[in-house]
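The values are calculated or read from the model by the stated rules, or taken from the named source; none is laboratory data. These numbers were taken from a predicted model, which means no experiment stands behind them. Ideal geometry is used to build each Cβ from the backbone, glycine not excepted, and the neighbour counts take in all protein chains shown. The accessibility values were calculated without ligands, DNA or RNA, using every heavy atom of the protein model including side chains. Shrake-Rupley method; radii C 1.70, N 1.55, O 1.52, S 1.80 Å.
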Amino acid sequence: MSTSSTGESGVRPSVRPTLSPADRFQLVVEAIEDYAIYMLDPDGLIESWSPGAERLKGYRADEVLGKPYSIFFRPEDVAEGLPKWQLSRARLHGKTEEQGWRVRKDGSVFWANIIVSRILDDDGTLLGYAKITRDVTEQLRLRELERSLKRMDQFIAMIGHELRNPLGPIRYASTFIQEHGNFDTKQTVAWGILDRQLSLLTRLLDGLLDVGRVTSGKLRISPARISVKQVVEQAVETFSSNIEHRELQVFLPEQEIWVNADELRITQVLQNLLSNALKFTLPGGRIEVRAHVCGTRLHIQVKDDGLGMDPATVDDLFRLFAQGQAQRETHQPGLGIGLALSRMIVEMHGGTITGTSSGRGLGSVFRFELPGAELKSI
């Protein structure tokens, strides 16, 4: 009886081509684009070159095959014998993994993770080396950034401690002199300058310490049911002696506003907004503080008719240590911390903060919103 190799439909089934393990491995190597994978002979000459190696290092295969792999090292590393040392370690231990600077065809350098494995035949004879290189420059930068932030936090903590020690006695002495002194006009003016600058220094230090707490994850808020009227009064009172021929008006609804927030931190936010408004509002100018409730959200606004700013630059002021053009031109004191810290505090409460300006000389408006607000009759 004869048999047929065709199926019931009469169509011969397709035959899947078989690949040797070496061919399959080569396909895998060619598909990996984020790693440079290549082979070296026992003397460190390049024997194979993958597409990933070309992408990472910039060389075509015909430019590197047969050349020493030391072309990927910096001249100073070659002079110190690093390529030979790397191969000798792999030959001795079977495999090495390290990180270091490597050079591309265009001369640029990158921070690489390198694995070198020795290849032996069945008799233990060295056939060469398999080498895998990966660009980890971004990971290096992130580690450096983390270390820099940690050093900055340590510096801020140290300088905060050192500056706080003398500030307490200075504040005490200033208050004692004011309460027991018999000042003439010039002395009164001099004491006023001293008191204002001492308050400014204290606020700058507090802001700097708070930034350190935020970046290290140590800033905490303690929400409670608080009176917005009390928050506004406390913030305004801080600047009562610094208004200097400016008009400061407060607009609150007849009903009492209550909100679930950290009283100390929200007062701090409002103080930062008022401080900015006072800095950039000239004598004779006007500043308004308004608060109202919409639904269950508290809205607080600080508006001034001062120097204003380019509308396109407003968002930049919320970046840490950023300073606006008006501040640079008028040489106003400040580290560029207040608005950045305010945004952090407001967002920790689940709120938002924004700023707007119609342009230079047209004043500014800064607003923030907080959830969990309600109106109650007094």
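Just checking, does segment 361-371 include any residue being in a strand (DSSP E or B), out of contact with any Leu (no Cβ under 7 Å at 6 or more places or on another chain), at pLDDT 85 or above and of a type in the set (D, E, K, R)? The answer is yes, given that some residue of segment 361-371 is in a strand (DSSP E or B), out of contact with any Leu (no Cβ under 7 Å at 6 or more places or on another chain), at pLDDT 85 or above and of a type in the set (D, E, K, R).
Among residues of segment 258-281 that are closer than 10 Å to residue 339 by Cα, those with a Cβ under 7 angstrom from a residue that is assigned to a strand (DSSP E or B) and open to solvent by 10 Å² or more (accessible area, probe 1.4 Å), sequence gap 6+ or separate chain, pair up as 273/366. Just so you know, in segment 68-88 the residues that are within 17 Å of residue 106 (Cβ to Cβ) and assigned to a loop (DSSP other than H, G, I, E, B) include one that is most open to solvent (accessible area, probe 1.4 Å), and it is 74. If we scan segment 256-272, do we find a residue that is touching a helix residue (DSSP H, G or I) at 6+ places or on another chain (Cβ under 7 Å) and farther than 23 Å from residue 348 by Cα? For segment 256-272, residues touching a helix residue (DSSP H, G or I) at 6+ places or on another chain (Cβ under 7 Å) and farther than 23 Å from residue 348 by Cα: present. Given the structure, is residue 320 at pLDDT below 90, open to solvent by 30 Å² or more (accessible area, probe 1.4 Å) and not aromatic (Phe, Trp, Tyr)? Spelling it out, residue 320 is indeed at pLDDT below 90, open to solvent by 30 Å² or more (accessible area, probe 1.4 Å) and not aromatic (Phe, Trp, Tyr). Quick check: anything in segment 128-142 outside any helix (DSSP H, G or I), hydroxyl-bearing (Ser, Thr, Tyr), under 21 Å from residue 35 (Cβ atoms) and in contact (Cβ under 8 Å) with a residue 12 or more places away in the chain? There is at least one residue in segment 128-142 that is outside any helix (DSSP H, G or I), hydroxyl-bearing (Ser, Thr, Tyr), under 21 Å from residue 35 (Cβ atoms) and in contact (Cβ under 8 Å) with a residue 12 or more places away in the chain. The residue list 188, 202 contains one member that is among the polar types (S, T, N, Q), assigned to a helix (DSSP H, G or I) and open to solvent by less than 50 Å² (accessible area, probe 1.4 Å), which is 202.
Considering every residue within segment 231-246, establish whether at least one is modelled with pLDDT under 75 and of a type in the set (Val, Ile, Thr). No, segment 231-246 contains no residue that is modelled with pLDDT under 75 and of a type in the set (Val, Ile, Thr).
If you go through segment 43-64 and keep only what is without any contact (Cβ under 8 Å) to a residue 40 or more places away in the chain and in a helix (DSSP H, G or I), you end up with 51, 52, 54, 55, 61, 62, 64. Within segment 89-102, being open to solvent by 60 Å² or more (accessible area, probe 1.4 Å) and closer than 15 Å to residue 129 by Cβ holds for 89, 91, 92, 93, 95, 97.
If you go through segment 70-92 and pick out every residue that is under 38 Å from the mean Cα position of the chain (by Cα) and within 21 Å of residue 120 (Cβ to Cβ), you end up with 2. For segment 120-160, a residue qualifies if it is open to solvent by 50 Å² or more (accessible area, probe 1.4 Å), modelled with pLDDT of 90 or more and not charged (D, E, K, R), and the qualifying residues are 120, 125, 127, 132.
One residue is enough: does segment 180-189 have a residue meeting the conditions of a type in the set (D, E, K, R) and under 42 Å from the mean Cα position of the chain (by Cα)?
Filtering segment 180-189 for residues of a type in the set (D, E, K, R) gives 184, 186.
Filter once more, keeping what is under 42 Å from the mean Cα position of the chain (by Cα): none.
No, segment 180-189 contains no residue that is of a type in the set (D, E, K, R) and under 42 Å from the mean Cα position of the chain (by Cα).
With respect to the stated conditions, residue 106 fails to be surrounded by 14 or more Cβ atoms within 10 Å (Cβ to Cβ), under 39 Å from the mean Cα position of the chain (by Cα) and touching a residue at least 40 places away in the same chain (Cβ under 8 Å).
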